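The next block holds one structure in the form of structure tokens; read it before the comments.
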Amino acid sequence: MNVLRTLIVAAAMLAAMSLTALAAPKSIKVATDATWPPMEMVDANKQIVGYDIDFLNAVAKEAGVSVEFKNTAWDGIFAGLDSGQYDAIISSVTITDERKAKYDFTDAYTSIGQILVVPKTDKSSKTIADLKGKKVGSQIGTTGAMEVKKVAGVESKTYDEIGLAFEDMAAGRISGVVCDEPVAAHFALQKKEYKEKFKIVGKAFTKEGYGIVVKKGNKELVALLNKGIKAVKAKNLDTKIHTKWVK
Amino acid sequence: MSENPTTHTPIAVGDGAAIPHKSDAGLFTAWRIAFFGSILLCLFLAFGRPDQYLAIFKFIPDGILVTFKVTVGGILLAIVFGLIAGLGRISSNRLINGAASLYVEIIRGVPLLVQLFYIYYALGRFVKIPDIVSAIIAMAFCYGAYMAEIFRAGIQSIPKGQMEAALSLGMSRRQAMRQVILPQAFKVVLPPIGNEFIALLKDSSLVSILAVADLLRRGREYASESFNYFETYTVIALVYLIMTLFFSKLISMMEERLNEGR
Amino acid sequence: MKAASRPMIEVSGVSKFFGSFQALSDVSFSVQDGEKVVIIGPSGSGKSTILRSINRLETIDRGRIVVNGMDVSDPKTDISKVREEIGMVFQSFNLFPHKTVLENLTLAQTVVRKRSKKDAEEIAMELLRKVNIAEKAAAYPAKLSGGQQQRVAIARSLAMNPKAILFDEPTSALDPEMIGEVLDVMKNLAREGMTMVVVTHEMGFAREVADRVIFMDHGRIVEEGTPEHFFTSATHERARLFLSQIL
């Protein structure tokens, strides 16, 4: 009697599990570090907004899934993907070989580059190498941080959030900040308190593509998202989103 | 024999690592197992599985040094803040007493993490000082408030007759404090200060949010680029453990020495 | 000089309150240079309070206390100057436990009297020999018996060359077999002409040493006179009752 009941329950559970596995994911959980304006940030209404958010929503619509965003600190955002707390990351993640070795990426959905921001009082520096003997800030674990570390003689200082790096530069503790082009533009050109103090120098010195990150081996989700990205690009929706967020 | 006037009521233990005294056999053995076990484990990881772990051990040494600097600098400055505020708390001058009490109450009512952010960025608005110095000041400002209460309790644990005897010999209040009360109070406050030191060593990991390149920050930087989160935090935890165990042993040896001196 | 004819200690019309409790009511007496005055009375009679008021360990609410020409009751008086000249010996000895016996004697000499370490130590050793405890000079107080500690405390007080010494129940905390050694030291001091004010329950000492006995009860001086008068023909009933209980 008892054995029979256990068997039935087990069979039912197995059936349910195989059914969900077969069905396409209806809803995906996506992590983003919403401290990276204008790509991803929290607005005055405590909503996660930005380029990436609009973009992924458009992709999801084309792919026929719904998205639930989860605001996650950048430091450890990959660890959360490892432990299965969410299915994907869209957070201005540059596709690099190191990252590709551990995670799967969709096709690049936009291309940007790293750029240097310095105080207006600095008249001479054009590249990171000009800041030898000084401290240059970036966000921990970003391609910007890796670029700074590549330059010998420059002391790299990493921050949990890029905003804290700009605040530290305002306080005079560091001499430059390296980050993604659109983010640099947001802080140095648009933000009221920093507009007077900072300037962007030179041109972007890397060529990078942003991709959506999923767990290694999740081919199904990559294919689904790539399908969506293609559709969005075909309809030119990404240009509209770009104009909306990156001025 | 008359009652020994030098016995003071001990001050309750804080949240630092338990300090191993020889008299507590269980804790003493546990200390040895934990300390030497951690060192052995570190050696095993570094040389037994070098491809995963050796790079981590090579990446973090300057972070250990920064953690050490923040802790030692923090505790020394906190003792200064704590002594001043502790003396203020027992001052009969209402203005000084009020200011010291306000400091203690405000600091104890705000989380350390918030204070660190606040003091670090507030200081940055007005003065240009290196980040590590700001971090030390922020830590010390917070711990000074707790230290003030330890000093206050320590000073008040010295029998009233000591101050009276010193004053009766013609010493000023300040001389009596320096020559008679504080030397005795220091002996009473040493164990709780030792506990604060260990607690501060652990709390110093919070300065990593201020972009101070301490042990934890170095670990986070390594993990965020190598994605070896498990391996990195295993090493970070072991190194913190070795440091706290080492210092708690050092403190217990200092205490034993002081007690032998009598 | 006029001051020479003034008493060493002059207490006039002193009252003190602890909250609503009146500890002292209109207490007046004086102590001449070289005089030995013993104050007795039941516990809570105010005898310790008036003694402690003489060097301002207690402040008074009404009245005046003049010591060696200095007005103790005037808040503007530098009380340290008064205390330098008036020694005090406590019931609980109050030796400094973190200092050796020798250091207990030299501390105030060097800090207050500004004597050299060598001079201070010479004076200290001489006084330790005088109170018969020179062999313990290097010991810490915790290693000494109560009687030994109190003799050191008397020597510590003498090291300041005081013009008078106040004794606040100096033998009350001692085991009976040690009382004698302390009283002997005090008797020697008396013979040498030290001005002494002694609060005590030792009636034998009072009878042998005192020039004058003051009996206090409920914060008032009830009876005052020579020991002969006091012990044989006290006029006040309460004094007689006290004597009958204690003798």
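The values are calculated or read from the model by the stated rules, or taken from the named source; none is laboratory data. Model, not experiment: these values are computed from the prediction. With ideal geometry, Cβ positions are generated from the backbone for all residues, glycine too; neighbour counts draw on all protein chains shown.
Working carefully through the options B:R174, B:R178, B:R152, find the one that is among the charged types (D, E, K, R), away from every other protein chain (no Cβ under 14 Å) and either part of a helix (DSSP H, G or I) or within 21 Å of C:L95 (Cβ to Cβ) (or both).
B:R152
Confirm whether B:Y103 is within 13 Å of chain A (Cβ to nearest Cβ) and free of Cβ contacts under 8 Å to residues at least 60 places away in the same chain.
no
Give segment C:35-80 a look and list any residue that's of a type in the set (D, E, K, R) and closer than 28 Å to C:R191 by Cα, or say none.
C:E35, C:K36, C:K47, C:R52, C:R56 - these are the residues of segment C:35-80 that are of a type in the set (D, E, K, R) and closer than 28 Å to C:R191 by Cα.
Just to verify a result, which residue in segment B:225-234, among those that are surrounded by fewer than 24 Cβ atoms within 10 Å (Cβ to Cβ) and in a helix (DSSP H, G or I), is farthest from the other protein chains (Cβ to nearest Cβ)? Before you say what the answer is, go through the steps one by one.
Residues of segment B:225-234 that are surrounded by fewer than 24 Cβ atoms within 10 Å (Cβ to Cβ), as a first pass: B:225-231, B:233-234.
Those left that are additionally in a helix (DSSP H, G or I): B:225-226, B:229-231, B:233-234.
On the way: B:E225: 6, B:S226: 8, B:Y229: 4, B:F230: 9, B:E231: 12, B:Y233: 9, B:T234: 13 Å.
Ranking the qualifying residues of segment B:225-234, first place goes to B:T234.
Against the conditions (1) part of a strand (DSSP E or B); (2) of a type in the set (G, A, S); (3) within 12 Å of B:E225 (Cβ to Cβ), where does A:A145 fall short? Just the number, please.
(1) is the only condition that A:A145 fails.
Of all residues in segment C:222-247, which are hydrophobic (A, V, I, L, M, F, W, C) and either part of a helix (DSSP H, G or I) or modelled with pLDDT of 95 or more (or both)?
Answer for segment C:222-247, where residues must be hydrophobic (A, V, I, L, M, F, W, C) and either part of a helix (DSSP H, G or I) or modelled with pLDDT of 95 or more (or both): C:F230, C:F231, C:A239, C:L241, C:F242, C:L243, C:I246.
Just name the residue that is surrounded by the fewest Cβ atoms within 10 Å (Cβ to Cβ) out of those in segment A:157-174 that are of a type in the set (V, I, T) and more than 7 Å from chain B (Cβ to nearest Cβ).
A:I174
What residue, of C:I79, C:I40, is surrounded by 23 or more Cβ atoms within 10 Å (Cβ to Cβ) and on the phi < 0 side of the Ramachandran plot?
Details: C:I79 fails: surrounded by 23 or more Cβ atoms within 10 Å (Cβ to Cβ).
C:I40 is the lone residue from the list that is surrounded by 23 or more Cβ atoms within 10 Å (Cβ to Cβ) and on the phi < 0 side of the Ramachandran plot.
Is there a residue in segment B:78-96 that is within 14 Å of another protein chain (Cβ to nearest Cβ) and outside any helix (DSSP H, G or I)?
Within segment B:78-96 (the criterion being within 14 Å of another protein chain (Cβ to nearest Cβ) and outside any helix (DSSP H, G or I)), the answer is yes, since at least one residue qualifies.
Report yes if some residue within segment B:154-167 is surrounded by fewer than 21 Cβ atoms within 10 Å (Cβ to Cβ) and of a type in the set (D, E); otherwise report no.
Yes; the residues of segment B:154-167 include at least one that is surrounded by fewer than 21 Cβ atoms within 10 Å (Cβ to Cβ) and of a type in the set (D, E).
In segment C:55-114, which residues are at the interface with chain B (Cβ under 8 Å from one of its Cβ atoms), of a type in the set (K, R) and under 15 Å from B:V180 (Cβ atoms)?
C:R83
Among B:L206, B:L238, which is the only one that is out of contact with any Asp or Glu (no Cβ under 6 Å at 6 or more places or on another chain), in a helix (DSSP H, G or I) and modelled with pLDDT under 95?
Values: B:L238 fails: modelled with pLDDT under 95.
The unique qualifying residue is B:L206.
Which count do you get for residues in segment C:100-110 that are surrounded by fewer than 19 Cβ atoms within 10 Å (Cβ to Cβ) and within 13 Å of B:M171 (Cβ to Cβ)?
Residues flagged as surrounded by fewer than 19 Cβ atoms within 10 Å (Cβ to Cβ) and within 13 Å of B:M171 (Cβ to Cβ) within segment C:100-110 amount to 1.
Kindly evaluate C:S157 against the criterion of being in contact (Cβ under 8 Å) with a residue 40 or more places away in the chain, buried (at least 18 other Cβ atoms within 10 Å of the Cβ) and among the hydroxyl-bearing types (S, T, Y).
Yes; evaluated as a whole, the condition is true for this residue.
Based on what the data block shows, is A:T142 at negative phi and not assigned by TED's automatic domain parsing to the domain that holds A:I162?
Here the answer is no, as A:T142 does not meet what is asked.
I'm checking my understanding of the structure. Among residues of segment A:38-73 that are in a loop (DSSP other than H, G, I, E, B) and surrounded by 20 or more Cβ atoms within 10 Å (Cβ to Cβ), which one is farthest from the other protein chains (Cβ to nearest Cβ)?
It comes out as A:G50.
Given the options C:A159, C:A153, C:A134, name the one that is among the hydrophobic types (A, V, I, L, M, F, W, C), more than 14 Å from every other protein chain (Cβ to nearest Cβ) and out of contact with any Lys or Arg (no Cβ under 8 Å at 6 or more places or on another chain).
The match here is C:A134.
Does A:V177 satisfy the condition of being crowded, with 19+ Cβ neighbours inside 10 Å, assigned to a helix (DSSP H, G or I) and in contact (Cβ under 8 Å) with a residue 24 or more places away in the chain?
It is false that A:V177 is crowded, with 19+ Cβ neighbours inside 10 Å, assigned to a helix (DSSP H, G or I) and in contact (Cβ under 8 Å) with a residue 24 or more places away in the chain.
Out of segment A:74-115, which residues are in a strand (DSSP E or B) and either of a type outside the set (G, A, S) or within 12 Å of chain B (Cβ to nearest Cβ) (or both)?
Answer for segment A:74-115, where residues must be in a strand (DSSP E or B) and either of a type outside the set (G, A, S) or within 12 Å of chain B (Cβ to nearest Cβ) (or both): A:I89, A:T94, A:Y103, A:D104, A:F105, A:T110, A:I112, A:Q114, A:I115.
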